[in-house]
Amino acid sequence: MAELAGLDDPKIRAVNERHGDDHGVNLTKLRALAKRLKTQQELACRLWETGDSAARLLAILICRPKAFGRDELDVMLREARAPKVHDWLVTYVVKKSPHREELRPGWFADPDPVVASAGWALTTERVAKSPEGLDLAGLLDLIEAGMKDAPDRLQWAMNHCLAQIGIEHAEYRTRALEIGERLEVLKDYPTSPGCTSPFAPVWITEMVRRQDDKATS
């Protein structure tokens, strides 16, 4: 904890706080610290229990994802209110857990939009990797009805799912593009040069173009 405190940079903290993250640690330095510590499940659990966001990010990097039980992951997700902690927990821990599919439906339907966003993130991964058994048309119905007015983090997760359906499933591409065009979610999102806009119609069109170029090269 002392070492993490020493890495805290007031300028980084000020930037992060504008995005809802309450830490000021350079993530490159955090990853270097995690590389030095290597995997330490007990230490990871103790770091998580501090409630400190930088400590929790470090815990995520040094933990053993498959060591957490289903109920532990549910509690951890509900505790992870800082956006970066929530995102890393889902990406680096839950998605590698044998409990991910067991947790997904409950989170997907949870009334808490932050928890629900995790359910959508896991669903998006299935859309891309194992869509068997998913009701893709039903997902598009939910997105069409709810994405426009959803809270930011849930809206972002639903938009990612919309784009992934359009990218991966040609039979639903036209509808996905139409929903994106009509709802205009993230249409004006500032995008850095060289990066693809998160606006679903642009995102879908660009990724499909890349796939086509790769297939013909």
Quiz item: In region 123-136, which residues are of a type outside the set (Ser, Thr, Tyr) and open to solvent by 10 Å² or more (accessible area, probe 1.4 Å)?
Solution: Glu125, Arg126, Ala128, Lys129, Pro131, Glu132, Gly133, Leu134, Asp135, Leu136
Quiz prompt | Leu103 being open to solvent by less than 40 Å² (accessible area, probe 1.4 Å), in contact (Cβ under 8 Å) with a residue 24 or more places away in the chain and over 23 Å from Asp152 (Cα atoms) | solution = no
Quiz prompt | Only listed residue being of a type in the set (A, V, I, L, M, F, W, C) and within 19 Å of Ile179 (Cα to Cα), chosen from Trp88, Trp120 | solution = Trp120
Quiz item: Of all residues in region 184-210, which are without any contact (Cβ under 8 Å) to a residue 40 or more places away in the chain and either β-branched (Val, Ile, Thr) or assigned to a helix (DSSP H, G or I) (or both)?
Solution: Val185, Thr191, Thr196, Pro201, Val202, Thr205, Glu206, Arg209, Arg210
Practice problem: Could you pull out the residue among Leu77, Leu57 that is touching a Lys or Arg at 6+ places or on another chain (Cβ under 8 Å), modelled with pLDDT of 95 or more and surrounded by 20 or more Cβ atoms within 10 Å (Cβ to Cβ)? | Solution: Leu57
Quiz item: Restricted to region 40-80, and to residues that are free of Cβ contacts under 8 Å to residues at least 40 places away in the same chain and not in a helix (DSSP H, G or I), which residue is farthest from the chain's Cα centre (by Cα)?
Solution: Gln40
Quiz prompt | Out of Ser53, Ser97, sole residue that is closer than 30 Å to Leu139 by Cα and of a type in the set (Ser, Thr, Tyr) | solution = Ser97
Quiz prompt | Pick from region 13-25, criterion part of a helix (DSSP H, G or I) and under 15 Å from Asp52 (Cβ atoms), ranking: most open to solvent (accessible area, probe 1.4 Å) | solution = Glu17
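The values are calculated or read from the model by the stated rules, or taken from the named source; none is laboratory data. A quick note: this is a predicted structure, and the numbers were derived from the prediction, not measured. Counting neighbours? That spans all protein chains shown, and the Cβs are built from the backbone with ideal geometry, glycine included. What goes into the accessible areas is simple: the full protein's heavy atoms, side chains included, and nothing from ligands, DNA or RNA. Shrake-Rupley method; radii C 1.70, N 1.55, O 1.52, S 1.80 Å.
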